[in-house]
Amino acid sequence: MRPILLKGHERPLTFLKYNRDGDLLFSCAKDHNPNVWYSHNGDRVGTYRGHNGAVWCCDVSRHTERLITGSADQSANIWDVETGAKLHTFSFESPARAVDFALGDKLCVITTDPFIGNPSEIHVKRVERDSSRQSNESVLVLRGPAGRINRVVWGPLNKTIISGGEDSIVRMWDVDTGKVIKQSDPETGHQKVISSLAKSADGSHFITGSHDKTAKLWDIRTLEVLKTYSTERPVNAAAISPTLDHVVIGGGQEASQVTTSDRRAGKFEAKFFHKIFEEEIGGVKGHFGPINALAFNPDGRSFSSGGEDGYVRVHHFDADYYHIKM
Amino acid sequence: MGNRREFRWGDAADEDEGIEGVLPPTQVIGPDEKGVKIIIEWRKREDGAKVKVTTTVRVKKQVKKLNPAVVRRRSLKKFGDALGQNASDNLTVVSTEEIFLERTRPAGQQGQKQEEKGAELASLGNASLIVCRTCGKKGEHWTSKCPFKELVANRGFNIGERPPGEEDLGTASVGPGKASYVPPSMRGGKQGDGESMRKGRDDNSIRVTNLSEDTREQDLQELFRPFGSISRIYVAFDRDTGLSRGFAFINFVNREDAVRAINKLDGYGYDNLILRVEWATPRTDRA
């Protein structure tokens, strides 16, 4: 395969997201403007101008109308996907990090970092269809985890919220009561910072990547660790193939140490693992920095990776990929 | 059906040659339920003879379903920084480098398996597969593990000659004289190095012709691998243009696999062309 290289960002990538139809790819980076691209040919459709800090995460509504972004400028913005117009800004006392639209797009969850005395928080906001009636009120504020909450997603039927972050514990929150229902067992769970969390296509399980050099597959209802994928380097990103029993894991040497060693020693490949057998299938090379973001196209025929090197690489699989035998 | 134009005698009258000189109109039959369309054309050769050209083509309808929302979004207006951007900005570049999903495990595993298989084959008596290029012995060991390797290096006798100790040392005398240069083809009777190498090439070798220009080794690997293990694939490329010359040779480890591949793939439609797969005729020695 010949990947398409997208050079729309001047700083390291932080997050990638396909819309549900798989025709658009959203990219966030530490520069201030998220980009949107056509996923089939890599043409840039537009940029969302208005943030004043690194953009850590984004999510797109089911019918590709709204985009929500969480930024280090202490705000989360809602955008009109097709025009790039800023529809609303949620302001916080500290940098926003993870964002996720709930099923139905009527709610969204936003996490904020610990910052000058404020602890990290998880905010649930109502999202109005008519953005002029949008309020800033949080429906629910959850506190408790120490350190940043790097990723947050909604559980089945919007009844729970799953969060993972610097305290290396995966938590499941009840949306009605605001209590932690379940949390990962420190023995079987991650030992270090959880850097990424991504749901499967059907939402029945999710994968987490951690700096403890493993990625784990969890049941979204029981928080049971189903599988563990071990690599040699800290994991920054992980994604589950929507069609095949594959997961892809990306990471690499920590950014601060990259310049001190050879490029090959960095292990900057996207590694494919068999989801069930936990066996490594292979690697896709190309980045010359750690991989920070990975996303599978919902059709399962392509995936993209974003690196510390500022590039997004969109890979459309060769025909032989679909016939890989273990 | 359909396109047949009514032939009028008046049309012929306009022509100089009269009614004989007019070509019958092009006739299109089909496409029938299998999508086969027959086109019958008439042409005139330079010497005046009429030529009937019948072309049979298959019409295939490919249905691609598209999401209407996706189609609508194809024509989105650019916004933000993408607005003033032009192609020379090179924001989107297709990698010049071909990147593969590099398999981790099977590379090692398969190699091992093949070796094991080789050993098995050798023990089965299918010894002609393993021919030591150093001493010319068949089926005993690989070249790299030849026990006579050091002897070759020390004594300085020519590769391809039998090691001393075997009876017929005399075969070397076929060459002109002891001191003079002996071309490899003349050395050691018919046990020469070139011979054994060529033999390897002709073993279970099949020729595939009428390949499309885009066909690469990898494609052939995919196509022929299901029949059995392949020891060599050679696709002929034009040295000047770098384009494929449309044929390739494939060597199978087992003859049965090659037979099956020929039976199955001769006449197989590949990349819109009908493949021709047959035994490669052994190369007659070029003078």
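Taken together, the values in this text are just the output of simple stated rules run on the coordinates, not laboratory data. These numbers were taken from a predicted model, which means no experiment stands behind them. Note that each Cβ is placed from the backbone with ideal geometry, even for glycine, and that neighbours are counted across all protein chains shown.
Couple of notes before you dig in:
- For segment A:184-233, Kirkwood radius (reciprocal of mean inverse C-alpha pair distance, Å): 10.9 Å
- For the pair residue B:77 and residue B:181 in one chain, pulling the backbone fully straight at 0.36 nm per residue adds 29.7 nm over the alpha carbon distance.
- Comparing mean-square fluctuations of A:130, A:73, A:113 from a GNM of chain A with C-alpha springs under 10 Å, the top value falls on A:130.
- Computed over chain A, the quotient of the alpha carbon radius of gyration and 2.2 N^0.38 Å is 0.92.
- Gyration tensor (alpha-carbon) shape descriptor, segment A:153-219, a/c threshold 1.5: oblate
- Its relative contact order, with pairs defined as Cα atoms under 8 Å and 6+ residues apart, puts segment B:205-285 at 39 percent.
- Ordering A:78, B:233, B:29, A:149 by the number of other Cβ atoms within 10 Å of each residue's own Cβ, fewest first, gives B:29, B:233, A:78, A:149.
- Surface/4 of the Cα convex hull for segment B:205-285, nm²: 5.5 nm²
- Cα centroid separation, segment A:104-153 to segment A:184-241 (Å): 23 Å
- Once the C-beta distance of residue B:256 and residue A:185 is scaled by a Förster radius of 51 Å, the resulting FRET efficiency is 0.40 to the nearest 0.05.
- Whether segment A:42-107 is rounded, prolate or oblate, judged on the alpha carbon gyration tensor where a/c under 1.5 counts as rounded: oblate
- Taking the fewest neighbouring Cβ atoms within 10 Å as the starting point, the ordered list for A:38, B:234 is B:234, A:38.
- Likely footprinting exposure, A:28, A:58, B:132, fewest C-beta neighbours within 10 Å first: B:132, A:58, A:28
- nm² value of the averaged projected area, convex hull over the Cα atoms of segment A:109-241: 9.1 nm²
- Cleavage-rule hits, GluC sites (Glu not before Pro), segment A:66-169, DSSP coil, Cβ neighbours within 10 Å at most 12: A:93, A:137
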